[in-house]
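The values are calculated or read from the model by the stated rules, or taken from the named source; none is laboratory data. Since this is a predicted model, take the numbers as computed values, not measurements. Cβ coordinates were reconstructed from backbone atoms using ideal geometry, including for glycine residues, and neighbour counts include every protein chain displayed.
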Amino acid sequence: MKSTVPSSEDLFLFHEGSLYQSYKLLGAHVNKEEGSEGVRFSLWAPHAQEVRVIGDFNEWTGHKHIMKPLSTLGVWTLFIPEAREYDYYKYEIHTRDDRILLKADPYAFYSELRPGTASRVYDLEGYEWQDQAWQKLQAETTSYNQPLSIYEVHLGTWKKEERYSDVLYSYRQLADELVDYVADMGYTHIELMPLAEHPFDRSWGYQATGYYSVTSRHGTPKDFMYFVDRCHQRGIGVIMDWVPGHFCKDDHGLRQFDGTPMYEYQDLRKADKPEWGTLTFDFGRPEVISFLISNAVFWMDVFHIDGIRVDAVASMIYMNLGKPPELAVKNEFGGEDNPEAIALLKKLNQVIFSLYPNALMMAEDSTDWPMVTAPVHAGGLGFNYKWNMGWMNDMLRYMKLDPLERSWHHKLITFSFMYTFSENYILPLSHDEVVHGKRSLLHKMPGDYWQKFANLRAFYGYMMAHPGKKLLFMGGEYGQFDEWKDLEELDWFLLDYEMHSSMHHYVKELNAFYRNEPALWQYDHQPEGFEWINPHDESQSVVAFIRKGKQREDDLILVCNFTPVMHPDYRIGVPGAGVYQEVFNSDSAGYGGSGVCNADKLITEKREWHQLPNSLSIVVPPLAAVFFKRIEGMPFDDDEGGTPECATKNVLPCSLQVEKEED
């Protein structure tokens, strides 16, 4: 078997901050050495006086298993023939001031089920992957000009054995139920809230102790491999939230690991995050850089994760974000940004893309820091996607307004187009927007019962038409009425009610429409994929624009009405003469709407409107997003007016005429 003893070259790279697969050497590795089967333990603890391994194999007394230093820089190692897979263990660290600390392994691959805090020996080798077709496709495909519709999930509360039970679904149960559900709903990816081991359920995984240990709440690491494998076999990509900005202060974790600040900054003002009760990683320490970058590589290498969403990038970039004045610090240039964190993020993205060129590296950044998705060599941070928090905040603020007030705030739905092509954006409606008293998306909507659903359908339709990839948190697809309850499963019983069932059907159909229409994703990040028709109808709270595909016949027109007033004769300019067809309408009766639609073909007039040479008179339903397309096979001479000859083949049916399926 391969040696798991760190070599002098490995140690050099680790201490330099350039050992990007440090998990292959540090931690607990099942191995056979000098004819004996056992486990090789290796640990970084530079200021420890002595380190012992304690566990099931020595009755938790470590005097027989004292680790040996490999160098003067603090890496310790020991092979224990008595140790076996699944054994529980910890490190007994004797500090230089004569304290004894019991610590979980920072590189453990498996952990004791909470509230236990021990690490467990686990062999990650041996799983037989069945996702070769998926991996081949991903290696050949870039995501920029492909559909990307993400379903964000908290595995602990998507479903449970019983609604109020503490018994969670296993990775294998989720592989059977959740994966089929996501595929059936038409999403392209699933995003998992953090799965690194964490002690407190209600931190949702954002305050971790075991960065290399997929949480044991749902099963073993190989069970999680099965989950990812099953996703890939169903054509679903997997993204995981990753939290490199901070870690929790629990005694068994990373805090003062060898009796001194090791993983965190020595300066408590830089280390402390009082807003979250956590500690910041020391982004300038080479061994911490090796630890963090290796961890991102680890999830892609070992678990075949397709991408990571880097949490709280703003809190990494800006040292004083959310801190009281007494903890404020300046960098060496007198600013509040953290050059070490910025350098880490750039290095992280360079390493990931060198190994996985088509990985998804997404920044959750709430600031206006420039060039987040620009390449590092061009001066950017090197991510390939950024969450568009500005769009999300503006749209939720707008949608919560009474429709009578929306005309005074029209810029909230148009301002995002001023910057939408400055980065590669994802439009997120995430868990953060439906917790802590913020109310669910449906409950944010104004109006009576019917209007709440109509508002939400229109919002989703507008989101699908807006440039940028898409993300929706679980429960939003059927209009969960209560905000997310992080100890209970989703309110699936709501699907027994007609309006929620209709919303569920609508989101499924909207996802299918999105995936089938190249104009909605081929030019997501390029100005040539978008053209305004009318951004200025604030008096009626209506907007109209064109999304363009690579082929002219793929172009789509969206008209979105954010008031409950129907417009029976609303004129819009169109770029080309011909016959148009309504191809999707959120006001369909089958979706819970009023059924107002443009059922007949629409013929242009040679009448200039909105600075375009031709125009259409259309019916605009109340609180609705409506899509139109020029019928395939029509002449595309913009200079010709009148009624051209029409080829009616492949005309898409009006979605309003689709009846809801009977139970």
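Any chance the stretch 157-178 includes a residue that's over 17 Å from K222 (Cα atoms), among the acidic types (D, E) and in contact (Cβ under 8 Å) with a residue 60 or more places away in the chain? For the stretch 157-178, residues over 17 Å from K222 (Cα atoms), among the acidic types (D, E) and in contact (Cβ under 8 Å) with a residue 60 or more places away in the chain: absent.
If you go through the stretch 262-276 and keep only what is in contact (Cβ under 8 Å) with a residue 12 or more places away in the chain and out of contact with any helix residue (DSSP H, G or I) (no Cβ under 9 Å at 6 or more places or on another chain), you end up with Q266, D267. Here A183 meets each of (1) small (G, A, S); (2) within 30 Å of G549 (Cβ to Cβ); (3) not assigned by TED's automatic domain parsing to the domain that holds L355 with one exception, condition (3).
Conditions (1) surrounded by 14 or more Cβ atoms within 10 Å (Cβ to Cβ); (2) not charged (D, E, K, R), marked per residue:
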position: G35; (1), (2): no, yes
position: R40; (1), (2): yes, no
position: D56; (1), (2): yes, no
position: E59; (1), (2): no, no
position: M67; (1), (2): yes, yes
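Could you say whether any residue in the stretch 234-244 is among the basic types (K, R) and farther than 29 Å from T157 by Cα? No - not one qualifying residue is present in the stretch 234-244.
Would a scan of the stretch 154-174 turn up a residue that is part of a loop (DSSP other than H, G, I, E, B), on the phi > 0 side of the Ramachandran plot and surrounded by fewer than 23 Cβ atoms within 10 Å (Cβ to Cβ)?
No, the conditions are met nowhere in the stretch 154-174.
Here the stretch 303-327 is the region considered, the condition is being touching a Pro at 6+ places or on another chain (Cβ under 8 Å) and assigned to a helix (DSSP H, G or I), and the residue that is surrounded by the most Cβ atoms within 10 Å (Cβ to Cβ) is M316. Of the residues Y20, Y89, Y107, the single one that is in contact (Cβ under 8 Å) with a residue 24 or more places away in the chain, farther than 22 Å from H252 by Cα and within 37 Å of the chain's Cα centre (by Cα) is Y20. Could you please find all residues in the stretch 179-222 being without any contact (Cβ under 8 Å) to a residue 40 or more places away in the chain and under 20 Å from K508 (Cα atoms)? Residue satisfying the conditions is Y181 alone. Screening the stretch 575-663 for strands (runs of 3 or more DSSP E) wholly inside it with 3 or more residues that are at pLDDT 90 or above and over 37 Å from the mean Cα position of the chain (by Cα) returns the ranges 614-620. The helices (runs of 4 or more DSSP H) located wholly in the stretch 328-443 that include 1 or more residues which are aromatic (F, W, Y) occupy 339-355, 389-399. Here M464 meets the list (1) in contact (Cβ under 8 Å) with a residue 24 or more places away in the chain; (2) assigned to a helix (DSSP H, G or I); (3) out of contact with any Leu (no Cβ under 7 Å at 6 or more places or on another chain); (4) not β-branched (V, I, T) almost entirely, failing just condition (3).
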